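S.K.: Below: one structure in structure tokens.
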Amino acid sequence: MFHINRGGLHKKGEAMENYKFVQNRRCEFFPCHKGVSPEQFNCLFCFCPLYALGDQCGGSFRYLESGVKDCTRCIRPHNKEGYEFVAGKIDLLVEMARKKADDPPGTRAGKDETENEHNEKAGMAESGIPGSQADQ
């Protein structure tokens, strides 16, 4: 199981505890979802990383007639247990994004370049996160 923090993904037990809860009460949309008290509302996953999992995300969502996934009723990433919930699904995202052996060259990162070469061109550290500790 992986955990997320500023330095990227880390194995269980290595996550920095202070990154599990963040609030931005100055945000024009705070709180953006109903159902969580403002004192406990977690803004860490303002944009839910599980959105890409579609119907496998585990949250309360619906699909609009247009086919767009609507998560306005979902509080899973914003409540007290949000960090653990999202971290418990990261392996699904990692697997979804993993390059498969039969993928044609150039379908990831850039034409036949390694991930590190791509990150260097994009000004990113090895973690792939601009401004990460590894970047400084």
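S.K.: Filter region 37-89 down to the residues that are in a loop (DSSP other than H, G, I, E, B), small (Gly, Ala, Ser) and within 15 Å of the chain's Cα centre (by Cα) and list them by number.
M.R.: 58, 59, 88
S.K.: Six or more apart or on different chains, Cβ under 6 Å: which pairs go from a residue in region 75-91 that's on the phi < 0 side of the Ramachandran plot to one that's part of a helix (DSSP H, G or I) and among the aliphatic types (A, V, I, L, M)? Could you list them?
M.R.: 77/86
S.K.: Criterion first (closer than 30 Å to residue 17 by Cβ and touching a strand residue (DSSP E or B) at 6+ places or on another chain (Cβ under 7 Å)) does residue 91 satisfy it?
M.R.: The answer is yes for residue 91.
S.K.: Being under 11 Å from residue 50 (Cβ atoms) and in contact (Cβ under 8 Å) with a residue 40 or more places away in the chain is the filter here, so list the residues in region 60-74 that pass it.
M.R.: Answer for region 60-74, where residues must be under 11 Å from residue 50 (Cβ atoms) and in contact (Cβ under 8 Å) with a residue 40 or more places away in the chain: just 74.
S.K.: Is it true that some residue in region 116-124 is over 13 Å from the mean Cα position of the chain (by Cα), modelled with pLDDT under 75 and part of a loop (DSSP other than H, G, I, E, B)?
M.R.: Checked region 116-124: at least one residue is over 13 Å from the mean Cα position of the chain (by Cα), modelled with pLDDT under 75 and part of a loop (DSSP other than H, G, I, E, B).
The values are calculated or read from the model by the stated rules, or taken from the named source; none is laboratory data. Bear in mind that the values here come from a model prediction, so they are computed numbers and not experimental data. Ideal geometry is used to build each Cβ from the backbone, glycine not excepted, and the neighbour counts take in all protein chains shown.
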